[in-house]
Amino acid sequence: SISLWRERPDLRFYPDYKKPSWGHHKLNYAKAEVRENAMEMIRELFERYDFDGINLQKGPYFPKEIAVESTPIFTAFMRDIRRLCDEWGKRRGHRIGITLGDGGRTISDFVAQGIDIVTLANERILDGVIGVSDFAAWRRQIANPDLPNPSPRTAFPRSCSARLHMASRPSSPLA
């Protein structure tokens with residue numbers, strides 16, 4: 001949340017970095033407090049609204065120096081989100097989808113950011129991925145047949161009723 005960001009600069013990527021650069025001032029998901037705060041916000045959304053899915057985007061979630069070694073942290077965090085979505089989905093009577101977007105154009109882009117996209121897809125933690133363009137590599141590595149080829153649009157499997165839309169950008173083929 002913005003208050004956590006303001007009150008706890010020690011939880012940012014580079015707390016002592018003075019030059020204004022958004023990437024250097026993002027919250028560091030390697031810190032347990034950041035992940036707990038994100039889970040609290042997601043829980044609050046569930047308590048207030050009945051929605052079909054959530055889209056987690058605008059990585060990176062870790063400073064590049066520790067991204068790859070932080071992969072298990074992000075995978076565990078995503079498992080926790082999946083459990084929460086499944087719990088609330090049972091209460092609501094429908095599946096609640098999870099998509100991940102803007103992590104990269106290739107699987108290796110996600111991996112470089114500490115996101116094991118292959119595990120997240122194969123364990124059915126994700127219901128869709130936005131923005132991957134290397135479809136051949138995707139199909140070679142993703143064993144989950146229900147997960148469609150990622151695209152510039154939000155992609156969901158046939159079993160998920162969620163409908164989320166990505167806003168068009170000038171660089172997007174949707175523009």
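For region 31-72, a tally of residues being part of a loop (DSSP other than H, G, I, E, B) and more than 15 Å from Ile115 (Cα to Cα) returns 5. Restricting the first member to region 9-21 and to residues that are modelled with pLDDT under 80 and among the aromatic types (Phe, Trp, Tyr), and the second to residues that are part of a loop (DSSP other than H, G, I, E, B) and open to solvent by less than 50 Å² (accessible area, probe 1.4 Å), the beta-carbon pairs closer than 8 Å and six or more apart or on different chains are Tyr14/Pro63. Restricted to helices (runs of 4 or more DSSP H) entirely inside region 73-168, those with at least 3 residues that are surrounded by fewer than 21 Cβ atoms within 10 Å (Cβ to Cβ) and modelled with pLDDT under 70 are 135-141.
The values are calculated or read from the model by the stated rules, or taken from the named source; none is laboratory data. Just so you know, these numbers come straight off a predicted model, no measurement behind them. Cβ: placed from backbone, ideal geometry, glycine included. Neighbour counts: every protein chain shown. Calculation scope for accessible area: heavy atoms of the full protein, side chains included, ligands and nucleic acids excluded. Shrake-Rupley method; radii C 1.70, N 1.55, O 1.52, S 1.80 Å.
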